[in-house]
């Protein structure tokens, strides 16, 4: 073989790769043809789905627990509206019945009979779903070939697949196609994640079947960085049927309160609520942190929700306590909604304290690859220099009246969960064990009462990562078994 043979073979192979628009056109043809796909006005599906709670496991390495959902969904593209009616059984066994209606750019959500306006972000997610549904995305790509560029071939489940990169407004999606059937085989979206860094969401489409002249995938499997997040099976599908207007009726009171869709999160507000001398709770939104002033430094208990939320907390503390640094941050447990601000803390080189079970998890946050939204750590090319201190059972931070005592709190919610106790104020901070107020849950309250009695500490108030500050007497009442009938 001559020295020029290999390059010629490679050029021949590249020449046989279809252009991006041709890949899309072949897929549309395989799905029933361009005319038929363009004429899809609506569809109704019946489905069941298993959603795995990534980031809510017992330990960072445990399997994710599943929520099982069954339901129907009608998407009416012609009327710019959608309704889904579902019944979900969560890992605790609770059944939630939900009805979600979106009409135009507003929505309503009804959970177990309680109606409320849907949030602007939730409505924006429905609109994103409409745009990214395969049939609409591919037609948009056909009409706007400038949105497409070629992707290198990749291997998926043992097969080589060709793909296109689609960029149109708010949507950036990679779509790959089966070389034999020409049908879409997977989509991929790269986004920023406070825990994972670069979050790669891959949805695979399989079990394609005809439905009134349109070929649809009947199985969807979504993975996040290689871990299965959802598995969905469509058991019935009706295309271009009659859609009753009565399905989409929202009460006038809901429509009057509903806010239009908005893909941008609302502004983050943080308020410092004083609980005792030198003790505050950083509130605002669904997740809170505890702040203790130890004279030369501040101690931060909990870095929740997002990088943006945590930066807002740090900015607030910098403004309220100029020249007084956050000297240490305490992570109560690994669940993602309570640890998603840790990357911001680590980027600021603040030492972190966590349970021994979660040290590797916290370290992985600080070393995660982050190219979608680079931060100080990724730009430096080195992991965070923050020290990570482990707690096995108990640890005291500071001295005197401003000291904080950390305890391992045994709970069914998660392994390796810490509670923070401020003895001078008799305040106990915990996350997720007792959230609801003014009627805290019985099971979590019983766990908390057992813990407090075992440790021999005196608690007057519980200031949690969620909800209101509770009097200890309310927790004790919730934990007490109901009196038996005579």
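Listing for the model above:
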{"quantity": "Lone qualifier among 369, 357, 385 - being more than 22 Å from the chain's Cα centre (by Cα) and either outside the structural domain of residue 444 (by TED's automatic domain parsing) or closer than 25 Å to residue 192 by Cβ (or both)", "calculated": "385"}
{"quantity": "Within the stretch 168-186, tally of residues that are assigned to a strand (DSSP E or B), within 17 Å of residue 21 (Cβ to Cβ) and touching a strand residue (DSSP E or B) at 6+ places or on another chain (Cβ under 8 Å)", "calculated": "6"}
{"quantity": "Residues (assigned to a helix (DSSP H, G or I) and surrounded by 19 or more Cβ atoms within 10 Å (Cβ to Cβ)) located in the stretch 317-327", "calculated": "317"}
{"quantity": "Failed item, numbered, when residue 91 is tested on (1) part of a strand (DSSP E or B); (2) closer than 30 Å to residue 266 by Cβ; (3) out of contact with any helix residue (DSSP H, G or I) (no Cβ under 9 Å at 6 or more places or on another chain)", "calculated": "(1)"}
{"quantity": "Unique match (being surrounded by fewer than 14 Cβ atoms within 10 Å (Cβ to Cβ) and either farther than 23 Å from residue 328 by Cα or touching a helix residue (DSSP H, G or I) at 6+ places or on another chain (Cβ under 9 Å) (or both)) among 458, 389, 396, 411", "calculated": "458"}
{"quantity": "Count of residues meeting criterion [surrounded by fewer than 16 Cβ atoms within 10 Å (Cβ to Cβ) and under 14 Å from residue 231 (Cβ atoms)] in the stretch 194-216", "calculated": "2"}
{"quantity": "From 147, 59, 102, residue being in contact (Cβ under 8 Å) with a residue 12 or more places away in the chain, surrounded by 19 or more Cβ atoms within 10 Å (Cβ to Cβ) and over 21 Å from residue 230 (Cβ atoms)", "calculated": "147"}
{"quantity": "Some residue of the stretch 102-116 being outside the structural domain of residue 411 (by TED's automatic domain parsing), in a loop (DSSP other than H, G, I, E, B) and under 29 Å from residue 417 (Cβ atoms)", "calculated": "yes"}
{"quantity": "Number of the exception - residue 425 against (1) touching a helix residue (DSSP H, G or I) at 6+ places or on another chain (Cβ under 8 Å); (2) assigned to a loop (DSSP other than H, G, I, E, B)", "calculated": "(1)"}
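Here's the yes/no breakdown for (1) without any contact (Cβ under 8 Å) to a residue 40 or more places away in the chain; (2) assigned to a helix (DSSP H, G or I); (3) within 22 Å of residue 430 (Cα to Cα):
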| site | (1), (2), (3) |
| --- | --- |
| 370 | no, no, no |
| 377 | yes, yes, no |
| 382 | yes, no, no |
| 401 | no, yes, yes |
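The values are calculated or read from the model by the stated rules, or taken from the named source; none is laboratory data. Everything quoted here is computed from the prediction, not taken from an experiment. Ideal geometry is used to build each Cβ from the backbone, glycine not excepted, and the neighbour counts take in all protein chains shown.
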